[in-house]
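The values are calculated or read from the model by the stated rules, or taken from the named source; none is laboratory data. Only a predicted model underlies this, so the values are computations on that prediction, with no experimental measurement involved. Glycine also receives a Cβ, built like all others from the backbone with ideal geometry; neighbour counts cover every protein chain displayed. Please note that ligands, DNA and RNA were not included when accessible areas were found on the heavy atoms of the full protein model with its side chains. Shrake-Rupley method; radii C 1.70, N 1.55, O 1.52, S 1.80 Å.
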Amino acid sequence: MRQIVIGNWKMNGNLALVEAMAREVYARVASLACDLVLCPPATLIAPLAAALPGIALGGQDCHARPAGAHTGDIAAVMLREAGASHVILGHSERRADHGESDAAVCAKAVAARGAGLRPIVCVGEGEGARAEGRAEAVVLGQLAASLPDDFATDPAGIVAYEPVWAIGSGRTPTPDEIVAMHGAIRAALRARFGGAADAVPILYGGSVKPGNAGAVLTLPEVGGALVGGASLVAGDFLAIADAAPALGRAPGRG
Ligand code: 13P
């Protein structure tokens, strides 16, 4: 499987960034060893699709329902119509800022798949849980309740492991901690979905930068990266993409 490097612009960016990104990324896309996905604010999906036809685009959230009286929300089918093929769901910032439960994330994943979007479901422990030795229990609990039963069915969804304390902090887990968590996630996916689980890429996210991307992306069971701040600078985003190994490692614990 080719690795996937996903940029999450969060609530950042404008038309000037769309143009700058398109200019720098367009020429490089075809020669990259990994697949790129950019997830800008929803209003920038259509302009980015027009300016940068070579890469996949995603939303950062969607509602569980296809339409209705939900002021301020956006439906999966609307993201699809704007040009998205993916959607990030259950990011820790949405879990914290909007009180999104695992059940809500699961319902959104069902809606996303129904609209033809590939869900990128985020899981990750807080600093306290890691300190108390509960990181794996927290992450596997989120995983079990956030993924719908058809998550691994073609086209399979994507899981992103993002420790909350590593996001925007410049801190990352040790390589051993990443390998252990990705291995535990893979084992849980296999226990639930059987052989189909191996079609689910497990991405790492949290302070991925050009300087550490190579070390992260070559770890066993790391199928790519979910990048926040560094995805707002085309050169940094491309440098991270350049660090992806030419062929992703076969799924397995080591
Ligand atoms: P940073 O790369 O800025 O730490 O953000 C990670 C993230 O939250 C991506 O979804």
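Based on what the data block shows, is Leu32 over 18 Å from Ala112 (Cβ atoms) and either in contact (Cβ under 8 Å) with a residue 40 or more places away in the chain or open to solvent by 60 Å² or more (accessible area, probe 1.4 Å) (or both)?
yes
Please determine, by comparing only the residues of region 61-107 that are within 22 Å of Val29 (Cα to Cα) and under 13 Å from the mean Cα position of the chain (by Cα), which one is surrounded by the fewest Cβ atoms within 10 Å (Cβ to Cβ).
The selected residue is Ser85.
Pro245 versus (1) closer than 19 Å to Ile120 by Cβ; (2) assigned to a loop (DSSP other than H, G, I, E, B); (3) more than 14 Å from the ligand (Cβ to nearest atom): which is the lone unmet condition?
(1)
Residues of region 179-230 being surrounded by fewer than 18 Cβ atoms within 10 Å (Cβ to Cβ), of a type in the set (S, T, N, Q) and not in a helix (DSSP H, G or I), which ones?
If the condition is that a residue be surrounded by fewer than 18 Cβ atoms within 10 Å (Cβ to Cβ), of a type in the set (S, T, N, Q) and not in a helix (DSSP H, G or I), then Thr218 is the only one that fits.
Can you find a residue that is touching a helix residue (DSSP H, G or I) at 6+ places or on another chain (Cβ under 6 Å) and away from the ligand (no atom under 16 Å from the Cβ) anywhere in region 193-213?
Scanning region 193-213 turns up at least one residue that is touching a helix residue (DSSP H, G or I) at 6+ places or on another chain (Cβ under 6 Å) and away from the ligand (no atom under 16 Å from the Cβ).
Please work out if Pro173 is open to solvent by less than 10 Å² (accessible area, probe 1.4 Å) and closer than 19 Å to Glu127 by Cβ. If you could, list the steps in order and put the result at the bottom.
Numbers: open to solvent by less than 10 Å² (accessible area, probe 1.4 Å): yes; closer than 19 Å to Glu127 by Cβ: yes.
Criteria met by Pro173.
So if I check each of Ala16, Ala49, Ala30, which one is small (Gly, Ala, Ser) and at pLDDT below 95? Spell out how you get there, then give the answer.
Working: Ala16 fails: at pLDDT below 95; Ala49 fails: at pLDDT below 95.
Answer to the selection: Ala30.
If you go through region 108-134, how many residues are open to solvent by 40 Å² or more (accessible area, probe 1.4 Å) and hydrophobic (A, V, I, L, M, F, W, C)?
Residues flagged as open to solvent by 40 Å² or more (accessible area, probe 1.4 Å) and hydrophobic (A, V, I, L, M, F, W, C) within region 108-134 amount to 2.
Filter region 154-178 down to residues that are more than 14 Å from Pro201 (Cα to Cα) and away from the ligand (no atom under 15 Å from the Cβ), then give me how many there are.
Summing the residues that are more than 14 Å from Pro201 (Cα to Cα) and away from the ligand (no atom under 15 Å from the Cβ) in region 154-178 gives 4.
Given (1) in contact (Cβ under 8 Å) with a residue 60 or more places away in the chain; (2) open to solvent by 50 Å² or more (accessible area, probe 1.4 Å); (3) assigned to a helix (DSSP H, G or I), where does Thr43 come up short, assuming only one miss?
The failed condition is (1).
Restricting attention to region 149-164, report how many residues are open to solvent by less than 30 Å² (accessible area, probe 1.4 Å) and touching a helix residue (DSSP H, G or I) at 6+ places or on another chain (Cβ under 9 Å).
8
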